[in-house]
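Remarks on the structure that follows.
The values are calculated or read from the model by the stated rules, or taken from the named source; none is laboratory data. Just so it is clear, the structure is predicted and the values come from calculations on it, not from any experiment. Using ideal geometry, Cβ is built from the backbone for each residue, glycine included, and neighbour counts are taken over all protein chains shown. For accessibility, only protein heavy atoms count, side chains too; no ligands or nucleic acids. Shrake-Rupley method; radii C 1.70, N 1.55, O 1.52, S 1.80 Å.
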Amino acid sequence: MVVSMTGFGRSRAESERFSVTVEVKTVNHRFCEFHIRMPRQLLKTEEKIKKKLGEHIKRGRVEVFVTLEGEGIVSRSVHIDWKALDELVHHISEIKNRYSITGDIELRDIVSREEIIHIEEIEAENEELELLVLSAVEDAGNQLVQMRRLEGSALEKDVLQHIEQLKENISSVNKLAPNVVEQYRERLHKKMAEFMDSQTDEDRILTEVAFFADKADISEEIARLESHVSQFKDIVKANEPLGRKLDFLLQEMNREVNTIGSKANDSRIAREVVEMKSLLEKVKEQVQNIE
């Protein structure tokens, strides 16, 4: 089954105290790579999130966004450094007396000094919150998987259409290949007759044709290409991540097509080769998005 590496899922889980929203997005990537953004108090759930999503995602860049709302998410407490405050007030009084400075100490002069008075925030951590997060992750992950499979189905249909067309091009090349040697023999026979006053050296022609036939033989390349096409169709039906296998197979197919183009000295085969290379390029672009 073809599964796309592109997908999106979003879910929201709520309790009496908290509300958690999870968004999961995946895009193309050579490996499986996670990027998770969430509040600090949820950091300990990061590995559990990866494990849960990793059950369904084997390849791609996975971006996870977790937002948290509710009462009691953060508790605050005021801390006062009384010793520092005593010293501050004492020194201010001494300065006033020593230099005859008038004016009173205002409350705002004290509360604005963070080294003396500061508010500490403590983020909530509890089992209920973790369960909400994992529940939302699972639901968002299921949505993501459905989208990836749906897009993968469209990808499969598209690449198999191109592969079927490629198969037709291979068949055309296979039919044209035997005529290449015969056409070369006729051209060689004609040229030698022109230069030798209608007399030809048949032995020399046979030698040249045999040499050309061996050099221009593309039967092995065609056989391997047909085998690769068959293997490609089998891999597409496999129930496992198959993007890398298809990518490697396309490289082999492209190599065989290039060899056919360089060996077959025929304009009609050359046109088929151009078409095959174009089809392989289209398939390669699609395979880049297959898990």
Listed by chain and number, the residues whose amide H is under 5 Å from that of F34, excluding neighbours fewer than 5 places away on the same chain and using placed H, are V62
Per the rule of 0.36 nm per residue minus the C-alpha distance, extending A238 to E252 adds in nm 3.1 nm
Taking protein heavy atoms only, a 1.4 Å probe, and rounding to whole percent, the accessible area of region 1-141 owed to carbon and sulfur comes out at 49
Using a 1.4 Å probe on heavy atoms of the protein chains only, the accessible area for E127 in Å², nearest 10, reads 140
Expressed in nanometres to one decimal, the distance between label points 7 Å along Cα→Cβ at A270 and S19 is 6.9
Note: E164 to V89 extended length (0.36 nm per residue) minus current alpha-carbon separation gives 18.2 nm
Taking only protein heavy atoms and a 1.4 Å probe, the highest-to-lowest accessible-area order of R149, R59 is R149, R59
Length gained, K282-R113, 0.36 nm per residue minus C-alpha separation, equals 54.3 nm
Mean Cβ-within-10 Å packing, highest first, puts peptides 155-165, 17-27, 249-259 in the order 17-27, 249-259, 155-165
